[in-house]
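The values are calculated or read from the model by the stated rules, or taken from the named source; none is laboratory data. What you see is a predicted model; the values in this text were computed from it and never measured. Note: ideal-geometry Cβ built from the backbone for every residue, glycine included; neighbour counts use all protein chains shown. These area figures cover heavy atoms from the full protein model, side chains too; ligands, DNA and RNA do not enter into them. Shrake-Rupley method; radii C 1.70, N 1.55, O 1.52, S 1.80 Å.
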Amino acid sequence: QAKRKGKSAYALFAPEMTEVSHERLQMESLMRRALEQKEFELYYQPIVHTDSGELSSAEALLRWNNPGLGMVMPDRFIPLAEETGLITPIGEWVLHEACHAAMRWKKTMGTSIGISVNVSPRQFRDPGFVYTVMNALESSGLEPHQLELEITERLILDNTIETADILRQLDQSGVRLAVDDFGTGFSALSYLKSYPFDTLKVDKSFVQDVMKEADDAALVRAIINMAHSLNLQVIAEGVEEEAQTHFLQREGCDYSQGYFYSRPLPEDDFRSWLRSNHRVR
Ligand code: C2E
Ligand code: MG
Ligand code: MG
Ligand code: MG
């Protein structure tokens with residue numbers, strides 16, 4: 001009986017699995033060619049001073065424009081890029097492109113705008129990672145403190161000597177370090193005092209309900225106070241409503257990012273947004 005059941009379960013699921021792995025293989029081979037076909041593009045989302053709404057920096061967010069697939073969002077392809085190791089060359093392209101973009105803005109608009117770049121665990125652990133970062137800075141001419149690398153708690157979780165060492169090297173180079181999606185990684189908080197982070201990005205899941213849920217408001221307030229006690233700056237992610245900005249102002253949150261200010265924009269639109277909407281501070 002058990003054997004028959006196992007067999008029919010197999011018969012039921014096998015075709016689906018084949019389909020899934022076929023799709024994966026197809027995605028993978030398309031992704032292998034995406035860099036040389038210039039199918040990747042960076043969008044930029046403003047990060048503003050919470051008190052004034054003036055621009056402080058921008059986060060670079062990756063998009064994949066494939067003729068067959070259309071625009072693919074990072075949640076759909078970053079995990080596969082991680083698994084296959086393709087994240088290393090893709091991430092290198094992102095770093096170069098983001099640093100050069102920040103320099104273009106500086107040259108054409110005369111203002112320094114910081115740039116934040118997401119780094120995934122596999123990319124971070126690549127032996128050439130620190131060199132890649134230094135190279136992107138050098139070839140663009142961007143100053144190290146203008147670049148902030150966003151790392152998730154997931155990466156810090158498997159805390160190894162190498163992780164600590166890479167973070168220390170990056171910190172010593174003057175690059176800024178942020179914890180992305182703070183509060184979602186089940187991390188012990190102790191890493192905050194032993195690792196050289198500059199910024200905490202409060203995950204949007206907490207920010208989204210600060211006006212509706214007393215618990216979320218209490219958590220965000222506590223995170224801001226804790227961060228400040230540890231000399232860390234705080235960015236609230238996923239700010240969508242004006243009422244949230246007032247809450248964040250009252251609580252002294254340093255920076256905000258979200259659809260309320262702007263969606264992530266292609267570079268041309270980001271420049272227009274800069275010109276028409278906002279002064280830079
Ligand atoms: P993240 O780093 O936490 O980026 C913030 C995500 O929240 C972005 O999604 C952004 O579009 C979205 N977002 C911003 N404001 C709001 C808002 O007000 N409401 C809501 N609901 N969402 C908002 P996106 O661009 O789809 O990126 C998703 C994730 O993919 C990023 O999360 C990041 O972890 C990863 N990612 C993006 N670009 C890169 C990259 O170049 N390299 C790596 N390794 N990962 C990347
Ligand atoms: Mg991020
Ligand atoms: Mg530092
Ligand atoms: Mg985030």
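With a Förster radius of 45 Å, plug the Cβ-Cβ distance of Arg32 and His145 into 1/(1 + (r/R0)^6) and report the FRET value to the nearest 0.05. Display every interim value, and only then the final one.
Working: r = 35 Å, r/R0 = 0.78.
Efficiency for this residue pair is about 0.80.
Using a 1.4 Å probe, what is the accessible area per residue for the chain, in Å²?
Working: 14520 Å² over 281 residues.
Ligands and nucleic acids excluded, the result is 52 Å² per residue.
With all protein chains present and a 1.4 Å probe, how do Ser57, Ser112 order by accessible area, largest first? Mind showing how you got there, number by number?
On the way: Ser57 20, Ser112 60 Å².
Putting Ser57, Ser112 in descending order of accessible area: Ser112, Ser57.
Axis angle, to the nearest 10 degrees, between helix 74-84 and the longest C-alpha principal axis of the chain: 60 degrees. Relative to the longest principal axis of the Cα atoms of the chain, helix 161-173 runs at roughly 40 degrees. I'd like the orientation of helix 214-229 relative to the chain: the angle between its Cα long axis and the longest Cα principal axis, in ° from 0 to 90, rounded to 10. The helix 214-229 is inclined about 60 degrees to the chain.
Percent of accessible area on the stretch 8-118 owned by carbon and sulfur, 1.4 Å probe? Don't skip to the answer; put the middle values down first.
Numbers: 3140 of 5540 Å².
Carbon with sulfur: 57 percent of the solvent-accessible area.
For the stretch 133-281, carbon and sulfur atoms together expose 47% of the accessible surface, with a 1.4 angstrom probe and every protein chain in place. In the stretch 72-93, which residues have a backbone nitrogen under 14 Å from the label point lying 7 Å from Leu25's Cα in the Cα-to-Cβ direction? Within reach of a label on Leu25, which here means backbone N under 14 Å from a point 7 Å along Cα→Cβ, the stretch 72-93 contributes nothing.
Over the stretch 9-114, the fraction of Cα-Cα pairs per 5 Å bin, rounded to whole percents and listed from the shortest bin up, is 2, 10, 18, 18, 13, 12, 10, 7, 4, 3, 2, 1, 0.
A simple rule links phi to the HN-Hα coupling: the Karplus curve 6.51 cos²θ - 1.76 cosθ + 1.60 with θ = phi - 60°, which for the stretch 90-102 gives 5, x, 5, 4, 4, 4, 5, 4, 5, 5, 5, 4, 4 Hz, with x for Gly and Pro.
Taking Lys and Arg as +1 and Asp and Glu as -1, the other residues whose beta-carbon sits under 10 Å from that of Thr88 total -1.
Within the chain, the percentage of alpha carbon pairs spaced more than 22 angstrom apart rounds to 62%.
Sort out for me the Cα centre separation of the stretch 73-121 from the stretch 207-254, rounded to whole Å. Centre-to-centre (Cα) distance: 26 Å.
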